[in-house]
Amino acid sequence: MREMAVKLQQRVGKATDEVIGRIKKEEDALSIRLSYFRKPDRLNPATYTSKDDVEQWKQALQQLKEKADTVERLYAYADQDLGNALIQQRINQPVAEQIKNELLRSFPWEAIKKRNQLMKEFVSEFGELLTFYDENWGSWTTGASSGTLSFNEPKLASTYGVLKDKINTTGAQIEDEYKKMMR
């Protein structure tokens, strides 16, 4: 009996490593990509040397979006993927169903859903900022003290400030949801 329990535990471990391990790997990659965009330099147009830099960051933002979509899909299919992985480990259907349900209950679903939504907002907001940089290239100058910017028009300074604040707020909210997910 003990040997059967050990084998079952090993099979469950393999199945969960396959599914949850893949989710964790993609989550880690998403978090790393997000951290690139959360650096203060990304919110300072003076750190971009040309419109080509802006274009490269638009491409990186698209990759962030794709990674976020991949992670969201993995969570959406976690139920099915876990069920299949458990069955592939030759765990009978009723036992596999119980194990799968127990594992799925351990996911912080509210934080995951909130993070997914905030990630979409972040990508949209950052896209607006990069478009702002592109459309208003050269309308800013750096001040004498490090990190200060001035814009040719007050309206541009205001728009920039609003975009920057939205991105910082959404980014901080995403980090809060990640903390909830790690509990």
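The values are calculated or read from the model by the stated rules, or taken from the named source; none is laboratory data. Given the structure is predicted, the values throughout are model-derived calculations rather than measurements. Virtual Cβ from ideal backbone geometry, glycine too; neighbours counted across all protein chains shown.
Quick notes on this structure:
- Long-range neighbours under 9 Å by Cβ, at least six apart or interchain, first residue in contact (Cβ under 8 Å) with a residue 24 or more places away in the chain and surrounded by 13 or more Cβ atoms within 10 Å (Cβ to Cβ) within the range 94-118, second in a loop (DSSP other than H, G, I, E, B) and of a type in the set (A, V, I, L, M): I99/I91
- Residue identified as free of Cβ contacts under 8 Å to residues at least 60 places away in the same chain and more than 29 Å from I91 (Cβ to Cβ) among A60, A5, A46: A60
- Residue in the range 71-93 that is within 12 Å of the chain's Cα centre (by Cα), without any contact (Cβ under 8 Å) to a residue 24 or more places away in the chain and under 30 Å from Y133 (Cβ atoms) present: no
- Here the range 143-156 is the region considered, the condition is being modelled with pLDDT under 95 and surrounded by 14 or more Cβ atoms within 10 Å (Cβ to Cβ), and the residue that is nearest to A46 (Cα to Cα) is L149.
- From the options A5, A78, A60, residue that is modelled with pLDDT of 95 or more, farther than 30 Å from G143 by Cα and among the small types (G, A, S): A78
- Just one of (1) in contact (Cβ under 8 Å) with a residue 40 or more places away in the chain; (2) crowded, with 16+ Cβ neighbours inside 10 Å fails for L163. It is (1).
- Index of the failed condition, A96 passing every other in (1) touching a strand residue (DSSP E or B) at 6+ places or on another chain (Cβ under 7 Å); (2) small (G, A, S); (3) within 30 Å of K7 (Cα to Cα): (1)
- Subset of the range 1-30 [more than 23 Å from G83 (Cα to Cα) and either touching a helix residue (DSSP H, G or I) at 6+ places or on another chain (Cβ under 7 Å) or surrounded by 15 or more Cβ atoms within 10 Å (Cβ to Cβ) (or both)]: A29, L30
- When residues in the range 31-49 are screened for being among the hydroxyl-bearing types (S, T, Y), at pLDDT 95 or above and exposed (fewer than 13 other Cβ atoms within 10 Å of the Cβ), 1 of them pass.
- Residues within the range 49-78 that are closer than 30 Å to E110 by Cβ and polar (S, T, N, Q), tallied: 3
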